[in-house]
Amino acid sequence: MELLKEIRENLAAGVRGARKLQSLPTEYPAWTICGSDEYGIAVPYSCEEPFCETFASCEVRAAEIQIDGSDSERYLFLVSTDRSLRYEFSAICAEFADPGEGGSRRRELQESPLQWWENWRELLGNAISDKEPYSVIAEMMALDSLISQDTEVTWESVHGGSHDIESPDASYEVKSTLRKYETTVSVSSHHQLKDDHGRPLMLYFCRMEQSVHGVSINDMAEQLVRDGYEKDLLEKQLWQIGYKPGTSGRNRKYKCLEKRKYTVDGSFPQITADSFRNGEMPKGIIKIEYTVDLDGVDYSDW
């Protein structure tokens, strides 16, 4: 309780910089951290491998900083950007910093921060909205296939575009599934299978399977850069959808069992504004979500 009280007082004070926690034994130090846009706690961390995971408005990451005027050293940080939940977040910080009996909990944290993060993510309801790795890999595969034909293609889904990939001549929507035998895809709005600019719209469908013999987001990132995609732009885009360097999901491997390509035209099953009288959505309806069964729809491989 003394540790929790000190953390709450430090974070409430909001003094910029790092403050060493006096309620901890000297052999298990920790510091509260207050910055302009985030706050939290830090403990020593010796592993040189990148590490960064997020849940809700919290982030656990490894980084090097200077504390108390000493040389730059490596620490494991737990930080949040939501100051309205500072009181509740302090309890998680106390659990993060508590060394446990004989330092057992501190060693577990330092040896496997990923396990700590996964436990808390499950407890807090898995409040993660990032795309699943296999879905990102499928989009990256489609992007890689398209840049060999058109260097002006852009990855739009990373910042909420209506379609996943755009080019001056066409739009592309990418759907993926881990189900081995189903060919259904979810459509999130009546805009998703319609191109308002009059360009052809293609649907790329990938059937994926987790496998050590597959490819990861990191593998596809290297492939895209080799094929001419701008590295800094790609890292920025992966950052935008929650896959910063060191995120465990970037190493999860999947193989693509099947690749299909559909032309979304008048014969393709879809719901758009044109599906209604006078080409207008019914009054009061602002969004439609539905599921399409691709079984029986003509396609080609890609």
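The values are calculated or read from the model by the stated rules, or taken from the named source; none is laboratory data. Given the structure is predicted, the values throughout are model-derived calculations rather than measurements. As a convention, Cβ positions derive from the backbone with ideal geometry for all residues, glycine included, and neighbour counts pool all protein chains shown. When the accessible area is computed, the model is the full protein with side chains, heavy atoms only, and any ligands, DNA or RNA have been set aside. Shrake-Rupley method; radii C 1.70, N 1.55, O 1.52, S 1.80 Å.
Here residue 205 meets each of (1) modelled with pLDDT under 95; (2) farther than 30 Å from residue 51 by Cα with one exception, condition (1). Determine, yes or no, whether residue 222 is modelled with pLDDT of 90 or more, in contact with a Pro (Cβ under 8 Å, 6 or more places away or on another chain), in a helix (DSSP H, G or I) and among the acidic types (Asp, Glu). Here the answer is no, as residue 222 does not meet what is asked. Just need a number here: residues in the range 159-201 that are touching a His at 6+ places or on another chain (Cβ under 8 Å) and farther than 30 Å from residue 211 by Cβ. Matching residues across the range 159-201 total 4. Evaluation of residue 287 against the conditions (1) surrounded by fewer than 16 Cβ atoms within 10 Å (Cβ to Cβ); (2) within 24 Å of the chain's Cα centre (by Cα); (3) in contact (Cβ under 8 Å) with a residue 12 or more places away in the chain shows that the sole unmet condition is (2). For the range 166-183, a tally of residues being buried (at least 22 other Cβ atoms within 10 Å of the Cβ) and in contact with a Pro (Cβ under 8 Å, 6 or more places away or on another chain) returns 1. Residues that are free of Cβ contacts under 8 Å to residues at least 12 places away in the same chain, of a type in the set (A, V, I, L, M) and at negative phi do not occur anywhere in the range 187-209. Inside the range 184-226, residues that are touching a helix residue (DSSP H, G or I) at 6+ places or on another chain (Cβ under 9 Å), open to solvent by 70 Å² or more (accessible area, probe 1.4 Å) and farther than 30 Å from residue 282 by Cα make up a count of 1. Checking every residue in the range 283-292 against the condition of being of a type in the set (Phe, Trp, Tyr) and touching a strand residue (DSSP E or B) at 6+ places or on another chain (Cβ under 9 Å) gives at least one match. With respect to the stated conditions, residue 260 is charged (D, E, K, R), crowded, with 17+ Cβ neighbours inside 10 Å and either modelled with pLDDT under 85 or farther than 19 Å from residue 219 by Cβ (or both). In summary, helices (runs of 4 or more DSSP H) completely within the range 1-113 and bearing 3 or more residues that are out of contact with any Lys or Arg (no Cβ under 8 Å at 6 or more places or on another chain) and loosely packed, with under 14 Cβ neighbours inside 10 Å occur at 2-13, 104-111. For the range 147-165, which residues satisfy the criterion of being surrounded by 21 or more Cβ atoms within 10 Å (Cβ to Cβ) and at pLDDT 90 or above? Within the range 147-165, 153, 155, 164, 165 qualify. Residues of the range 33-50 that are modelled with pLDDT of 95 or more and either over 26 Å from residue 239 (Cβ atoms) or in contact with a Pro (Cβ under 9 Å, 6 or more places away or on another chain) (or both): 43, 44, 45.
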